[in-house]
Amino acid sequence: MTTPVTGPPTHAPATTAPLAGFTIAVTAARRAEELSALLYRKGAQVIAAPALRIVPLSDDQRLAAASTELTRRPADVVVATTGIGFRGWIEACETWGMAEGLLTSMQSSRLLARGPKAKGAIRAAGLNEEWSPPSESSAEVLDYLLSTGVQGLRVAIQMHGEPLPDFTAALRLAGAEVLEVPVYRWTQPEQTAPLDRLIESVTTGGVDAVTFTSAPAAAG
């Protein structure tokens, strides 16, 4: 759902609020209402329009095949890049009757979480992560893997909407066998008119700041 330029809610914050007088654009596809409400409480006016849309992988056979492979031959390392992606992976396997076997196989794997949401999804599945970077950066996850050594290891990577060619190439060059697990992808929003209006507001100086909660949103 998109939100046009609006004023603050009935219980508007005082004009002494830190963001009073500022207009901020929100491009998030998920939890946009929560972010907008937070900005409202700080005194800001908000323009909200999603810059992307998350859609399930149309070809579930790839996800099923990767999950079957990991169930039969557990990975040495599993990298969870997003909370929604890791949860979606487990939920898809539940519909196929594969979740229990997959989770059992992961108990013998070293689990890395790219950020707190991925960490939460791992723990919600009854597993425990070995490590998570404070920066929530894929680059830091890669550095950690390379520093601990991946020669001869099987590394499964839960993808987060787009391929990670540099990440996977670096692991393969370091001697790892890499298995990519595609769960969902990014695409343009169903209705682009609200985003067009948001962009026009930005280019004409009607917005003081723009928030991005993901790199694909900026690209979108």
Nearest 10 degrees is fine. How inclined is helix 32-41 to the longest principal axis of the chain, computing both from alpha carbons?
40
Taking 8 Å as the Cα distance limit and 6 or more residues as the minimum spacing, I'd like the relative contact order of segment 55-185 as a percentage.
31
Rolling a 1.4 angstrom probe over the protein chains, ignoring ligands and nucleic acids, what is the accessible area of Lys119 in square angstrom, nearest 10?
60
Hey, what D do you get for segment 134-197 in µm²/s if you plug the Kirkwood alpha-carbon radius into Stokes-Einstein at 25 °C and 0.890 mPa s?
180
Local electrostatic count, Glu69, Cβ distance below 12 Å [Lys/Arg +1, Asp/Glu -1]
+2
Can you tell me which of 81-87, 35-41 comes out highest on packing, and rank the rest after it, using the mean Cβ neighbours within 10 Å?
81-87, 35-41
Under Karplus coefficients 6.51, -1.76 and 1.60, residue-wise ³J(HN,Hα) of segment 108-115 in Hz, glycine/proline x:
9, 9, 7, 9, 10, 10, 5, x
Could you derive backbone 3J(HN,Hα) for segment 210-219 from the dihedral phi with the Karplus parameters 6.51, -1.76 and 1.60 (θ = phi - 60°), listing whole Hz in sequence and x where the residue is Gly or Pro?
10, 9, 10, 9, 7, 4, x, 5, 5, 5
What angle, in degrees between 0 and 90 and rounded to the nearest 10, separates the Cα long axis of helix 193-203 from the longest principal axis of the Cα atoms of the chain?
70
Residue-averaged 222 nm ellipticity for the chain, from DSSP H runs of 4+ at -39500 (n - 2.57), nearest 500
-12000 deg cm²/dmol
Accessible surface, per residue, of the chain when the full set of protein chains is kept, probe 1.4 Å, Å²:
53
Checked against the structure, the computed Cα Rg over 2.2 N^0.38 Å among [x] 1.29; [y] 1.78; [z] 1.18 is the one labelled [z]
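The values are calculated or read from the model by the stated rules, or taken from the named source; none is laboratory data. A quick note: this is a predicted structure, and the numbers were derived from the prediction, not measured. Counting neighbours? That spans all protein chains shown, and the Cβs are built from the backbone with ideal geometry, glycine included. Each accessible area value is taken on the protein alone, full model and side chains, heavy atoms only, with ligands, DNA and RNA left out. Shrake-Rupley method; radii C 1.70, N 1.55, O 1.52, S 1.80 Å.
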